[in-house]
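Everything below concerns the one structure shown next.
Taken together, the values in this text are just the output of simple stated rules run on the coordinates, not laboratory data. Fair warning: this is a prediction, and the values are worked out from it, not measured in the lab. Using ideal geometry, Cβ is built from the backbone for each residue, glycine included, and neighbour counts are taken over all protein chains shown.
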Amino acid sequence: LARKRLEPGLAPTGGREGEGLGAAMAPDPWLSMYDSTCHIAQEIAEKIQERNRCQRNGENSTKLNVTIRSLLQNLKVKIDQLKDLLLRAISTRQITQLEGDRRQNLVDDLLTRQRQLQASYKNDGTEPDVIRSSLMTGGVKRGVTNPWLLEETEETSGLGFGEIRQQQQRIIEEQDAGLDALSSVLSRQKQMGQEIGNELEEQNEIIDDLTNLVANTDDKLRSQTRHVKMVDKSQLPVECWW
């Protein structure tokens, strides 16, 4: 008996064996669209390089700019279609989770390359040769490094997109918990500051009362001292002259 051959990552489907074999041999529409999208990106990179060469030579590059803008718009539409088709394929289980992750990586690479091409288009010929080389090869040519791409950390190496999202969500939750604890500490410190402020106001009122009391006592002492001096003068002996 002949065995059915499936594309890598495609989930097996039911039906008669002849029908399954014919469907398996048919090219995957998503992969075909991905290839055409890569060709568009390659064409954009070539047009940008040609535009830059014309600008350096003092030639008119208006038509090339119009073509590049149209291709960039087409590239964006193609990438959006790839994302929609991939999401539909994953949700309906037409492909395995592993294949879904692999295709998501391809879409992410295309998005990165789209941003690179957009930046190169806006640079108007000022980008270095190494960036142009990386754009022409998509950052995968041997011996050419892509300065726009960051190396993956050890923490996320080997993880799928679902696991990375869970890890990021866990980090966000830990940060939220830390912020909540910090907010609680700040709230307690604010309350302590308000209580200290109220205590200082009460102490200031007591000091003001003591100051007034001391002032009144000082006035009374001065008055009594004058009175004693007057009494002493009135009791002096009177001399007679007869």
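Determine, from the Cβ-Cβ distance of D84 and E50 and an R0 of 45 Å, the FRET efficiency 1/(1 + (r/R0)^6), rounded to the nearest 0.05. Result of the calculation: an efficiency of 0.90.
Take each peptide in 77-85, 113-121, count the other Cβ atoms within 10 Å of every residue, and average; sorted highest first, the result is 113-121, 77-85. Could you tell me which residue out of T62, I90, I44 lies farthest along the dipole of segment 39-100 toward its positive end? Charges go on the beta carbon: Lys and Arg +1, Asp and Glu -1, centred on the Cα centre. Working it through, the farthest residue towards the positive pole turns out to be T62. 3J(HN,Hα) along segment 72-89, derived from phi through the Karplus expression 6.51 cos²θ - 1.76 cosθ + 1.60 where θ = phi - 60°, amounts to 5, 5, 5, 4, 4, 4, 4, 5, 4, 5, 4, 5, 5, 5, 5, 4, 5, 5 Hz, with x in place of Gly and Pro. For I95, the residues 5 or more places off, or on other chains, whose built amide H falls under 5 Å of its own are A11. Ranked by the mean number of other Cβ atoms within 10 Å per residue, highest first, peptides 166-177, 28-39 order as 28-39, 166-177.
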